[in-house]
Amino acid sequence: MKSIIITNNPLVAEKYENMFWIDGSVEETLVKVRDMVYQGYELVSHPLAASLRMLFSPYRSVIVGRKNEKLDFDHAQIIEDSIIKYKNHTDARKVEESNRDDYKKMDLLLLESALSDEKGKW
Amino acid sequence: MKLEIGRINIKDIQLGNETYVKNGVLTVDKVGLIATLKEDERIKDITIDIAKPGQKVRIIPVKDVIEPRVKITGGINGFPGVSSKQAQCGEGITHVLYGAAVVTVGDIVGFQEGVIDMWGEGALWTPFSKTFNLTVDINVIDGLEPHNHEETVRLAGLRAAEFVGQAGKNVTPDEVLTYEMGSIFEESTKYPNLPKVLYAEMMITQGLLHDTYIYGVNAQTILPSLLHANEELDNAVISGNCVAACDKITTYQHQNNSVILDLYAQHGKEINFMGCIMVPEHTTLSGKMRASDYTAKLVKMLGADALVVSEEGYGNPDSDLLIICKKCEKAGVKTVLITDECAGRDGMSQPLADTAVEAVAVVSTGNVSHVVTLLPAEKVIGKAEAIAVLAGGWEGALSADGSLQCELNAVIGATSEIGFHNATCRLY
């Protein structure tokens, strides 16, 4: 399917061409996703991970799809709520420096798992 | 389908030269177990140890917890489709070493946490501080890629539980629990006036360290599937998930799923419990829509009056939980949700990442952000460096006396969303 990966993960940037690189934080990545959703892009993968520990990851990759003429209000709600929730959890924490490489790998693997769900779709 | 669970009460555990149970004491043949596990050439080293309730022992990072069992009649021994050949789960007689647990330790990634403290404040929160634990620390050969590494550790845990479970083969159980249920039509004829209730069990199915398997099938690849209530109680479902420590469902918790047991206890009394729908939690929005549509369709097809839904994990699965709720409530099915909360350290923030006006019956299993103090351990089983991961979250988490503060999030099973844990709740 037609998609763009919004990412601040260098491993993803190296491997995929259909990506938009964010030279910044997870929050900046989510904000870019939010801006694109408001421009009409569909959200393909959920902006948040499935566990609190992965919310502390310094890397995040989110897949957006086609650009439509109209904004999808449900998707706008999801990305807005995700940013609020993300900030709630991370404001009180330090960025975890020691495991950066493992977080990069996990983000890539979970992204690829999401991409495989979307294989063969228009 | 009729399943008899024969509980052999375990009161102590020790290592020895043979594997057997005598007078409630479980002895495990350490050398034999290591040799069996090392049949897997991907394993370099195995360290076996023991942790008993009350000991000042910390186990970290925990990968999975598994209840040792042995099949006496019906089906096949082990975990069908995974550690043994395919067979039907949920029938016949299974002996359980009740009170014992196999705890696997192994870090696949550096940020794994998953702590079990056998004493102190930590012990109050994890249900596995009360079990007699056989710890299996698995080191793999160099260069194993992460999926292969995870599979090696997962299989080693299941095979260890199977090995230890053999000790219960020729022992008369202290207690026998019977779980019997006919077809949906038979039960509905028997209890025509009772409300028909289904249980939807959501499972994290999103990739490495975030997976669940049913009869060995990676549940990421399934449409929601209907299981007889006996199947999960008899080794059909296993965990491949080891990141969300507090609310991941360990294999042990699948084997003893509290929601299934509680619904079973009310079957024929207050409700007609029809079975379990196993619901994958996808990371894509289309996957979430597909799984929730399919779940709601099964609920309607089976004519259920009510649905209990339990979540696994936190974050994007909150959306699945609430979409299922919306769809089923709109179809006239009374829906109860079980989830934990991520409500900030003071418990005052919005608990979930999503909301729905239809979610009017919600059971909380605890606040994952609640801060606990873990005292310094006399002995650490696993990787002492992993403690730094726990303490690494914020300034001042590590005190001068060696005690550390961490969020409940790191404690295995502390906020179990299927209610297999120590926290309780109050009705408002």
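Can you give the convex hull volume per residue for the Cα atoms of chain B, as a whole number of Å³?
Working: hull volume 59.5 nm³, N = 428.
So the per-residue hull volume is 139 Å³.
First measure r as the distance between the Cβ atoms of A:Glu17 and B:Asn139, then evaluate 1/(1 + (r/R0)^6) with R0 = 45 Å and state the FRET efficiency to the nearest 0.05.
Details: r = 38 Å, r/R0 = 0.84.
About 0.75, to the nearest 0.05.
Pairs to check: B:Lys30/B:Lys63; B:Lys44/B:Lys383; B:Lys71/B:Lys383; B:Lys2/B:Lys190. Give those whose C-alpha atoms are more than 24 Å from each other in this structure.
Numbers: B:Lys30/B:Lys63 20 Å; B:Lys44/B:Lys383 16 Å; B:Lys71/B:Lys383 34 Å; B:Lys2/B:Lys190 17 Å.
Correct reply: B:Lys71/B:Lys383.
Counting only other chains, what is the mean number of Cβ atoms within 10 angstrom of the Cβ of each residue in peptide B:106-112?
On the way: counts 0, 1, 2, 8, 8, 11, 3.
So the per-residue partner count for this stretch is 5.
Please compute the contact order of chain B in relative form: average sequence separation of alpha-carbon pairs under 8 Å and at least six residues apart, divided by the residue count, as a percent. Numbers along the way, then the final one.
Numbers: 1072 pairs, mean separation 81.5, N = 428.
Dividing the mean separation by the residue count of chain B yields 19 percent.
Along each of its three principal axes, how wide is the spread of alpha-carbon positions in the protein assembly as shown, in whole angstrom units, largest first?
71, 62, 46
Angle between the Cα long axis of helix A:26-38 and the longest principal axis of chain A, 0 to 90 degrees, nearest 10?
10
What fraction, in whole percent, of alpha-carbon pairs in chain A exceed 16 Å separation? Walk me through the intermediate numbers first.
Values: 4343 of 7381 pairs.
Here the tail beyond 16 Å accounts for 59 percent of pairs.
Comparing B:Ala265, B:Ala160, B:Ala123, which has the greatest mean-square fluctuation in the GNM of chain B with Cα pairs linked when under 10 Å apart?
Taking springs between Cα atoms under 10 Å, the residue moving most is B:Ala265.
Please list, in order along the stretch A:109-117, the HN-Hα scalar couplings obtained from phi with the Karplus expression 6.51 cos²θ - 1.76 cosθ + 1.60 (θ = phi - 60°), rounded to whole Hz, x for Gly and Pro.
Working through the residues one at a time gives 5, 5, 4, 5, 5, 5, 4, 5, 5 Hz.
Applying a 10 Å radius around every beta-carbon, put A:12-20, B:292-300 in order of their mean neighbour count, most first. Please report the intermediate quantities before stating the final value.
On the way: A:12-20: 14.1, B:292-300: 20.2.
For the peptides A:12-20, B:292-300, the packing ranking is B:292-300, A:12-20.
In the Gaussian network model of chain B, springs joining C-alpha atoms below 10 Å, which of B:Glu151, B:Glu186, B:Glu91 carries the largest mean-square fluctuation?
B:Glu186
Let me know the Rg and Dmax you get for the stretch B:2-70 when you use only its Cα atoms, in Å.
14.3, 41
Specify the residue with the greatest mean-square fluctuation among B:Asp305, B:Asp318, B:Asp142, computed from a Gaussian network of chain B linking alpha-carbon atoms under 10 Å apart.
B:Asp142
Find how much the distance from B:Asp401 to B:Glu186 grows on full extension, using 0.36 nm per residue of separation minus their present alpha carbon separation; answer in nm with one decimal.
Numbers: separation 215, 0.36 × 215 = 77.40 nm, distance 6.24 nm.
Stretched fully, the B:Asp401-B:Glu186 segment lengthens by 71.2 nm.
Counting other Cβ atoms within 10 Å, keep those with at most 10, restrict to DSSP loop, and tell me which trypsin sites (Lys or Arg not before Pro) in the stretch B:188-289 are left.
Working: sites: B:Lys190, B:Lys196, B:Lys248, B:Lys269, B:Lys288; in loops: B:Lys248, B:Lys269.
Passing both the DSSP loop test and the Cβ count: B:Lys269.
Return, ordered by residue number, the residues of the stretch B:91-107 whose backbone nitrogen is under 13 Å from a label point located 7 Å along Cα→Cβ of B:Leu261.
Within reach of a label on B:Leu261: B:96-100.
Return the Rg/Rh value of the stretch B:249-347, two decimal places, where both radii are evaluated on C-alpha atoms and Rh is the Kirkwood radius.
Radius of gyration relative to Kirkwood radius: 0.98.
Note down the Stokes-Einstein diffusion coefficient of the stretch B:178-237 in µm²/s, whole number, using a Kirkwood radius over alpha carbon pairs, 25 °C, and 0.890 mPa s. Numbers along the way, then the final one.
Working: Rh = 13.6 Å.
Answer, rounded: 180 µm²/s.
Near B:Lys85, which aspartates and glutamates are there with a Cα under 14 Å away, not counting those fewer than 8 places off in the same chain?
B:Glu162
Once each part is reduced to its C-alpha centroid, what is the distance from the stretch A:25-51 to the stretch B:203-241 in angstrom?
29
Once both labels are modelled 7 Å past Cα along the beta-carbon direction, what's the B:Asn9-B:Ser349 spacing in nm?
4.4
Which of the lysines could a cross-linker bridge to B:Lys297, judged by Cα under 20 Å and excluding same-chain residues fewer than eight apart?
Within reach: B:Lys196, B:Lys288, B:Lys326, B:Lys327, B:Lys330, B:Lys334.
In whole Hz, what ³J(HN,Hα) sequence does the stretch B:283-295 give by Karplus (6.51, -1.76, 1.60; θ = phi - 60°), x for Gly and Pro?
My calculation for the stretch B:283-295 gives 8, 8, 5, 5, x, 5, 5, 4, 5, 6, 4, 5, 5 Hz in order.
Any read-out appearing in this document is the output of simple, stated calculations on the displayed coordinates, not a laboratory observation. Just so we're clear, the structure is a prediction, and the values are computed from it rather than from any experiment. Please note: Cβ atoms are built from the backbone with ideal geometry, for glycine as well, and neighbour counts cover all protein chains shown.
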